[in-house]
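What follows is one structure encoded as structure tokens, with my remarks underneath.
The values are calculated or read from the model by the stated rules, or taken from the named source; none is laboratory data. Bear in mind the structure is a predicted one, so any value in this text is a computation, not a measurement. Virtual Cβ from ideal backbone geometry, glycine too; neighbours counted across all protein chains shown.
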Amino acid sequence: MDHLKQSCYELSLPVTEKCNPISRDIDRAHSKQMVQILKQCDAEIFEKKINHDPFYQRLHSSPVIQTMVDVAKGVEMMLRDPEESLIVLSGCGTSGRIAFLLVKSFNEMLNAQRQKQICSYIIAGGDRALLTSQEAPEDDPVLGARMLDKVCAGKKYVLFIGISCGMSAPFVAGQLDFCLNHLDVFTPVLLGFNPVHMARSELIQDCSFHFKDVAERMTAEQRHKRAFVLNPVLGAEAISGSSRMKGGSATKIILETVLLAGYEASFRDKIMTPECMSAWITASEMVYETTYSHSDELAALIQKAGESLQMKAHVYYLGWQTLGIIGMTDASECIPTYGADFGDIRGFINNGFSEMKNKEGDLSSLGPEFIIGHKDFVDTILPSLSQNDMILFLFTVNDDLHEVTMLANQLRQRTFNLHAIAHDLEKFTIPERVCNMFETVLNITWPFSSEKDNSLVTRQHWELSTKLCLNAISTGAHVLKGKVYMNYMIDLRVTNSKLYRRAINILQRFTGCSKTECESALLRAIYSTDDLAEDMTSADVRKHTDVANRRERVVPTALVMIQCSCIYAEAQRHLDCYSVIRDAVNACLNSIKSTVD
Ligand code: F1P
């Protein structure tokens, strides 16, 4: 595909789906280089301008900061009338998991101040989606609206924050549309990371509007301060489309800021100014810098995790409190992003569901994916743990270090492949004897401040720092496993309409063929056939993604079928010759190049 065609094709993609030039060669990087690449990509979250797109609003741009002030005022109003009001955060996948985490922390803070807990979360697919990938409900706008309606029953004022990093999820579009139709009760906020004109304009099944329509209606209402669109551009993700990374981090930074600002205005009579919003964002930037200043340890952890995955062994995150949630969030996204097995990277949390305090309570009866406590880990995983499995502890000086030590001691009887990310404070460091239990320790010592309520902000910073590290570790490990080609998630699971479109985009990107040709190859790979029957071609995307959910190597198969002009069985044979997907794709793309040469 010539360069001109390729760049025109790139131009047509929204920022969140674009290929980031910084990480183009991440698949050939070793772990230390990978850390530098990810560091540069994450830096774009805070940059005032990105060279090639100087016109987009950034996180630090005045209109974005002003919208944050406006939304924080909304938070303040809700807090001032807690009986009648509700703040709802909603999203799909990582966006929903971040919503859950923020709501949990904010409600706990309100509770500690003897205030009513007026925050609620919604995640597409319900609480099981907090731990596992449930991509299909993301496509259902009616379900989104229905869930919102139910949560808000009886409330007079609702501040609704719908998060969709790619400004694409029909579930969130349905909720925003519902709010726009009931502006007497709802003040809707859309949080995403594309300019409005790049919001998804593909028709939503059984629906009269698409995401872009809703985003435009929101923009129109913003003039009257009846709705708000918060959509700074962060630059493309390090792995194209992987919005769990920068998108998830920015979601956390922005929403924590507005919630806390609203809280301080309401209970401390603090005046909300753009300057204080900017200062909070700058504090997050410091977290980013401090975290990446530990690049050697981070690279060592990527290397270890990569080795485990290469050996078909596992990576286990054992986290305490909210760091446990950060671990589970990171692990759950590896399935759709890299076609990983749920067992490849798994997260556990101290005290399991009683620590999670999710709405639907203990879900452990739903199956092995829902076994999440440290005790469960000891009972079910430890007996068969191998030296090749990597264990990563995630804790802080505020956690029960005796418990940390006991668990580490117990595991050390079986393996020394034990590592840690540990946060402490200048005046309260983690004792050396605790750190010595681990082979690699990424120990970050943060400045200590005695200010009241600083503990929440400190905790939020530790969470962000841990998120950046785990995103780097799981991404890096899958790159080392060969699940990434250039910076594309070549083996993604095609489980909803966004991922279906992304799969077609990836095929177009590498083959230069038309959308129709690529879609046809994708369908042949999904239905494992060379002859698409009428009922297959006429079926809707929901049916395709339902079938694709049960298939392996769908996109690589389609790619080989197109590139080698071969039938399904031949493509499978080609892939079977390679244990690493990237090598198979590489060989296929290169063989065509050399025949042409
Ligand atoms: C939501 C989401 C992502 C996930 C996957 C499917 O995206 O569930 O979190 O990684 O790509 O979509 P968005 O609506 O926040 O863009």
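Just one of the numbered conditions (1) more than 16 Å from the ligand (Cβ to nearest atom); (2) buried (at least 22 other Cβ atoms within 10 Å of the Cβ); (3) hydrophobic (A, V, I, L, M, F, W, C); (4) within 20 Å of the chain's Cα centre (by Cα) is not true of Leu464: (2). Screening the candidates Asp127, Asp81, Asp70 for the property of being within 16 Å of the ligand (Cβ to nearest atom) and either within 18 Å of Leu176 (Cα to Cα) or not hydrophobic (A, V, I, L, M, F, W, C) (or both) yields one hit, Asp127.
Would you be able to say whether some residue in the stretch 434-447 is farther than 15 Å from Ile239 by Cα and at pLDDT below 95?
Yes - at least one qualifying residue is present in the stretch 434-447.
If you go through the stretch 310-325 and keep only what is of a type in the set (A, V, I, L, M) and either assigned to a helix (DSSP H, G or I) or under 21 Å from Ser105 (Cα atoms) (or both), you end up with Leu318, Leu323, Ile325. With respect to the conditions (1) part of a loop (DSSP other than H, G, I, E, B); (2) in contact with a Pro (Cβ under 8 Å, 6 or more places away or on another chain); (3) within 12 Å of the ligand (Cβ to nearest atom); (4) within 23 Å of Ser284 (Cα to Cα), Ala250 lacks only one, and its number is (1). In the stretch 266-277, is there at least one residue being within 16 Å of the ligand (Cβ to nearest atom) and either acidic (Asp, Glu) or touching a residue at least 12 places away in the same chain (Cβ under 8 Å) (or both)? The answer is no, given that none of the residues of the stretch 266-277 is within 16 Å of the ligand (Cβ to nearest atom) and either acidic (Asp, Glu) or touching a residue at least 12 places away in the same chain (Cβ under 8 Å) (or both). Summed over the stretch 156-167, the residues that are within 16 Å of the ligand (Cβ to nearest atom) and either among the aromatic types (Phe, Trp, Tyr) or touching a His at 6+ places or on another chain (Cβ under 7 Å) (or both) give a count of 1.
For (1) crowded, with 18+ Cβ neighbours inside 10 Å; (2) of a type outside the set (Asp, Glu); (3) part of a helix (DSSP H, G or I); (4) more than 15 Å from the ligand (Cβ to nearest atom), each residue gets a yes or a no:
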| site | (1), (2), (3), (4) |
| --- | --- |
| Val103 | yes, yes, yes, yes |
| Asn107 | yes, yes, yes, yes |
| Asn111 | no, yes, yes, yes |
| Gln117 | no, yes, no, yes |
| Pro137 | yes, yes, yes, no |
| Ala145 | yes, yes, yes, yes |
| Gly154 | no, yes, no, yes |
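Quick grid of which residues meet (1) out of contact with any strand residue (DSSP E or B) (no Cβ under 6 Å at 6 or more places or on another chain); (2) farther than 18 Å from Gly361 by Cα:
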position	(1), (2)
Gln113	yes, yes
Cys119	no, no
Ile122	no, no
Asp140	yes, yes
Tyr157	no, yes
Gly166	yes, yes
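When Leu234 is tested against (1) more than 16 Å from the ligand (Cβ to nearest atom); (2) on the phi < 0 side of the Ramachandran plot, only condition (1) is not met. Taking each residue of the stretch 223-250 that is touching a residue at least 12 places away in the same chain (Cβ under 8 Å) and looking for partners that are among the acidic types (Asp, Glu) and within 12 Å of the ligand (Cβ to nearest atom) with beta-carbon atoms closer than 6 Å, six or more apart or interchain, yields Gly241/Glu17; Arg244/Glu333; Met245/Glu237; Lys246/Glu237.
Going by what's in this entry, would Val172 be described as buried (at least 20 other Cβ atoms within 10 Å of the Cβ), of a type outside the set (Gly, Ala, Ser) and free of Cβ contacts under 8 Å to residues at least 40 places away in the same chain?
No: the conditions fail for Val172.
Which pairs have Cβ atoms under 7 Å, sit 6 or more apart or on different chains, and link a residue in the stretch 177-198 that is assigned to a loop (DSSP other than H, G, I, E, B) to one that is modelled with pLDDT under 95? Close Cβ pairs satisfying both conditions: Pro195/Tyr56. Which one is farthest from the ligand (Cβ to nearest atom), of the residues in the stretch 168-201 that are in contact with a Leu (Cβ under 7 Å, 6 or more places away or on another chain) and of a type in the set (A, V, I, L, M)? The extreme case among them is Val189. Looking at Glu285, is it charged (D, E, K, R), assigned to a helix (DSSP H, G or I) and more than 21 Å from the chain's Cα centre (by Cα)? So Glu285 does not fit the description; no.
When Tyr317 is tested against (1) at pLDDT 95 or above; (2) within 16 Å of the ligand (Cβ to nearest atom), exactly one condition is not met: (2). All conditions in (1) away from the ligand (no atom under 12 Å from the Cβ); (2) in contact (Cβ under 8 Å) with a residue 24 or more places away in the chain; (3) among the β-branched types (Val, Ile, Thr); (4) not in a loop (DSSP other than H, G, I, E, B) hold for Ile204, with the sole exception of (4).
In the stretch 369-389, the residues that are of a type in the set (D, E, K, R) form Cβ pairs under 7 Å with partners that are assigned to a loop (DSSP other than H, G, I, E, B) and surrounded by 13 or more Cβ atoms within 10 Å (Cβ to Cβ), at six or more places apart or across chains, as follows: Glu369/Leu131; Glu369/Thr132; Glu369/Phe342; Asp389/Ala313; Asp389/His314; Asp389/Thr415; Asp389/Asn417.
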